[in-house]
Amino acid sequence: MTDKMYQNITNSDEGGYLVPEELATEILGMVEAKSVCQPYLRPWPMTTMNEKINYLSTKPTAAWVATEAAAKTASGVKWGQMELDLEELAVIIPFSDRWAKFANLQVAQFLKGAIAEAIVQKLDRTYLGYETDSPFTNEISVDISAGNTIAYGAGADLVEDLSDAMGVVEAEGYVPNGWACPIELKALLRNLRDDNNRPIFEPANAASPATLFGLPIRFSTNMVDSQESPSTKEIIVADWTYAYEGKNADIIFDMTSQATITLSDGQTSVNLWEKNMSAIKAYIYRAFAIYKIAAFAKVTGF
């Protein structure tokens, strides 16, 4: 009989199956490695569907004490609260039983790359603001203010535009810690030089990641045009720790041949049993919120 991964998995309380721990760790690692956003975001472990995070909306201040017995001055701080709501993200991959029968590897192992790719593509595009079905209130590119947006060509050259984007983040009181860039702009960055003809972009090597102005830079094919984003490409720089990603660590996995699924066109339905097919469903839970959008800036108009 064809191995359909029904062995070595444990039943979950939700009626699906938990991916074996090693495979779950591998898929989550692949997602983070491929994502342009996730490694930068502040992770927030979640064990409930909703969590409220208390934070200081104004910074505390310190004051010198005039004499030993003098009253101490209290900071005029204000508190705020941010909510993180876990949302379900699912990927369904149908395949024929004939394909599974003659596959050399177990089906879930064979498709792990496709599962990770689908998850990371949707997460990146949703967090950045390139998807129309986002369940989250915040979207990075969409929420960046006009004052934190630098038009490509506004400065003397691209080096100045990129430096100005860092400058507006710094002027807001934040320290940039990373860049996100479409992969097709990588060649453009390789040609950039400072006034001393030194490259401002350093490609990755075995010892260190790629850097731009000394800050890590990540490239992705997931930074795409859409109706909700600028009509052209953009490069984003930020103190990314002011964006939170709520995480529930498990990947839930299920496989069935006893279902009718709707294909990606949103219209065509396929009865798996009638077609001698099966489908893998993998789903995770994620939350996303931006604490300080002023910590983000972009150069747009490429």
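The values are calculated or read from the model by the stated rules, or taken from the named source; none is laboratory data. The structure presented is a predicted model; accordingly, all values stated were derived computationally and were not measured. Note: ideal-geometry Cβ built from the backbone for every residue, glycine included; neighbour counts use all protein chains shown. Ligands, DNA and RNA are excluded from the accessible area calculation, which covers all protein heavy atoms including side chains. Shrake-Rupley method; radii C 1.70, N 1.55, O 1.52, S 1.80 Å.
Here the spin labels are modelled as points 7 Å beyond Cα on the Cα-Cβ line, and at Ala259 and Thr232 they lie 4.4 nm apart.
For the pair Glu22 and Ala114, label points projected 7 Å from Cα toward Cβ lie 2.3 nm apart.
Would you mind getting me the FRET efficiency between Asp164 and Ala33? Use the beta-carbon distance for r and R0 = 22 Å, nearest 0.05. Display every interim value, and only then the final one.
Numbers: r = 31 Å, r/R0 = 1.40.
Result of the calculation: an efficiency of 0.10.
Relative to the current alpha-carbon distance between Ala206 and Asp97, full extension at 0.36 nm per residue lengthens the span by 35.1 nm. Over region 163-302, the pair-distance histogram of Cα-Cα distances with 5 Å bins from zero comes to 2, 8, 12, 14, 15, 13, 10, 8, 8, 6, 3, 2, 1, 0 percent, rounded to whole numbers.
Between amide H atoms placed 1.01 Å from N, distances below 5 Å from Ala289 occur with Tyr244, Gly246, all of them 5 or more places distant or on a separate chain.
Based on protein heavy atoms only, region 94-204 ends up with 51 Å² per residue of surface accessible to a 1.4 Å probe. How many angstrom lie between the C-alpha centres of region 134-155 and region 269-302? Distance between centres, Cα-based: 21 Å.
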